Amino acid sequence: EYGLERPQGYSVSFHYNPHVEYHHFGSSHPMKPWRLTLTKQLVLSYGLEYTMDLYEPRPANFNELNIFHDREYLSYLSEITPQNAKPDDPQYIAYGFGGDSNDCPVFDGLWNYVSLYTGASMSAAYNLLNKQSDIAINWSGGLHHAKKNLASGFCYVNDIVIAIQLLLTQHQRVLYIDIDVHHGDGVEQAFESTDRVFTLSFHKYGIDRHGWPFFPGTGNIDEMGPKDPANRGKAHSLNIPIDDGIDDHQYKYLFKTVTSKVIEKYNPQAIVLQSGADSLGGDRLGRFNLNIKAHGSCIETVKSFGRPLILIGGGGYTPRNVARTWCHETAVCVGATLHNDLPTHIPYLQAFQGDENGGGILYPDLHNTKRHDNLNTDAALQKLIEKAMENLRYMEG
Ligand code: ZLV
Ligand code: CA
Ligand code: ZN
């Protein structure tokens, strides 16, 4: 029917409401929703839309967000605007707005923004439940830091938790995997008391030379969920703390070894994979040195287990590389190989021209574009793997 085949017979769906693009956190804020415009343009320019089912999901409503978040928090979130915000209001502070760094600003259309990205994650979850797709993609979601009554780290509503809640209506065990450079603390915390969700996060962990912990400061190898044997969530989290500058070879080995073992032991019936692109080399906030294909190999690894899969976005602060990565990973899902030369008819070609070494191509060399020295020795990573395997032995079958 179409020019492009579905070689592996995977049915892939793409869940995206373009209205999400037009929201602004503020000009100096690193989170740029227009990276989603770039991503969509690349996906379309390679013709990937013919290989997937496309959905334009409706925004989630109050009651749907209430699946995870408190009513009081949601009421506040739904009513706050830049005009009526009172920065010294105790609620404003308590709910995570403002603060010194202003990670979570109040901007025009905030409620609309959170409803749109969450609606897309819900739509992805429903597609898996209805068996309409094997892999459902939402690049606008993946906001893993939001807590039930707290905005944190650019995240106001936790679309991941809500999508997992929907999957739990039919699936006994859901595995959550997070390759964003930050620790997936909100998802881990939301499911800390259940054995029906296993959370696995790979992230930068450590304290910098000024004494500041890398955000959010949690996720050491010893944090593996409650250790209390009476708690059903006992040892159902695994954290893989990584230091600056990890390279392709090391990360691929670490990811494949650990993830394969978790899938084998936990035997999930569905998987949610947060593919934050801030773990790439050259990311404005990240510290790792990964190339696009190494990041994408994590998606290939997970896909190879053949479980129903939701693939969602997350961080990613160098927009042209976010778009390249998520376009590549969309292709990985459908089983397509993309030409390195960018199609010449894309509307935003200019955004991909100015690179150091990536002008006009999909796969620039990102290794050490920010010159983070690799502080991870192979011996240290081997030790980390051994610790991870030991932690997994605490999980009961
Ligand atoms: O990618 O950078 O480090 C999912 C995600 O995981 C902090 N926040 C807070 C705690 C005290 N600091 C503030 C330090 C500011 C450093 C300068 C920024 C410049 C403008 C606006 C925000 C930041 C910033 N904020 C960089 N890193 C932070 C983190 C939050 C990271 C959230 C990652 C979200 C979407
Ligand atoms: Ca992570
Ligand atoms: Zn991140």
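The values are calculated or read from the model by the stated rules, or taken from the named source; none is laboratory data. As the structure is a computational prediction, the values presented were derived from the model and not from experiment. Note that each Cβ is placed from the backbone with ideal geometry, even for glycine, and that neighbours are counted across all protein chains shown. Ligands, DNA and RNA are excluded from the accessible area calculation, which covers all protein heavy atoms including side chains. Shrake-Rupley method; radii C 1.70, N 1.55, O 1.52, S 1.80 Å.
Relative to the present Cα-Cα distance, how much length would full extension add between Phe107 and Ile361 at 0.36 nm per residue of separation? Could the numbers behind the result be given before it?
Numbers: separation 254, 0.36 × 254 = 91.44 nm, distance 3.42 nm.
That pair, Phe107 and Ile361, stretches by 88.0 nm at full extension.
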Under unit Cβ charges (Lys, Arg +1; Asp, Glu -1), what dipole magnitude, rounded to 20 debye, does the chain have relative to its Cα centre?
560 debye
Of Gly313, Gly142, Gly335, the most mobile residue in a GNM of the chain (C-alpha springs, cutoff 10 Å) is Gly335
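Decide, for region 207-329, between rounded, prolate and oblate: order the square roots of the alpha carbon gyration tensor eigenvalues as a ≥ b ≥ c, take rounded if a/c falls under 1.5, and otherwise choose prolate if a/b is larger than b/c, else oblate. Don't skip to the answer; put the middle values down first.
Details: a/c = 1.97, a/b = 1.17, b/c = 1.69.
Oblate is the answer for region 207-329, as a/c is 1.5 or above yet b/c matches or exceeds a/b.
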Can you give the convex hull volume per residue for the Cα atoms of the chain, as a whole number of Å³?
139 Å³
Filter on Lys261/Lys383; Lys256/Lys387; Lys303/Lys383; Lys148/Lys227 - keep pairs with C-alpha separation over 18 Å:
Lys303/Lys383; Lys148/Lys227
Sorting check: for 190-199, 206-215, 288-297, 54-63, which peptide has the highest mean count of neighbouring beta carbons within 10 Å, and how do the rest follow?
288-297, 190-199, 54-63, 206-215
Hey, with R₀ at 35 Å, roughly what FRET efficiency would Glu390 and Arg71 work out to, going by the Cβ-Cβ distance, to 0.05?
0.25
Note down the nm distance, to one decimal, between modelled labels 7 Å out along Cα→Cβ at Lys293 and at Glu79.
5.5 nm
Could you give the length gained by full extension between Asp378 and Arg284, i.e. 0.36 nm per residue of separation minus their alpha carbon distance, to one decimal place?
31.3 nm
Scaled by the rule-of-thumb 2.2 N^0.38 Å, the alpha carbon Rg for region 98-247 gives a ratio of 1.09
So if I take the alpha carbon set of region 239-391, get Rg, then get Rh from the Kirkwood formula, what is the Rg over Rh ratio?
0.98
I want to check the label-to-label distance for His19 and Trp212. Put each point 7 Å from Cα in the C-beta direction and report it in nm to one decimal.
3.6 nm
Counting each DSSP H run of 4 or more residues in the chain as -39500 (n - 2.57), what helix-only mean residue ellipticity at 222 nm follows after dividing by all residues, to the nearest 500 deg cm²/dmol?
-9500 deg cm²/dmol
Could you state the accessible area per residue of the chain in Å², with a 1.4 Å probe and every protein chain left in place?
41 Å²
Between Tyr253 and Asn368, the two model label points (7 Å from Cα along the beta-carbon direction) sit apart by a distance in nm of 1.8 nm
Note down, for region 35-103, the three equivalent ellipsoid semi-axes (square root of 5 times each alpha carbon gyration tensor eigenvalue), biggest first, whole angstrom.
35, 18, 10
In sequence order, calculated HN-Hα J values of region 14-31 (Karplus, 6.51, -1.76, 1.60; Hz; x Gly/Pro):
10, 10, 7, 10, x, 4, 5, 4, 8, 8, 10, 7, x, 5, 8, 7, x, 7
For Asp341 and Lys265, what does the FRET efficiency come to when R0 = 41 Å and r is the distance between their Cβ atoms, rounded to the nearest 0.05?
0.45
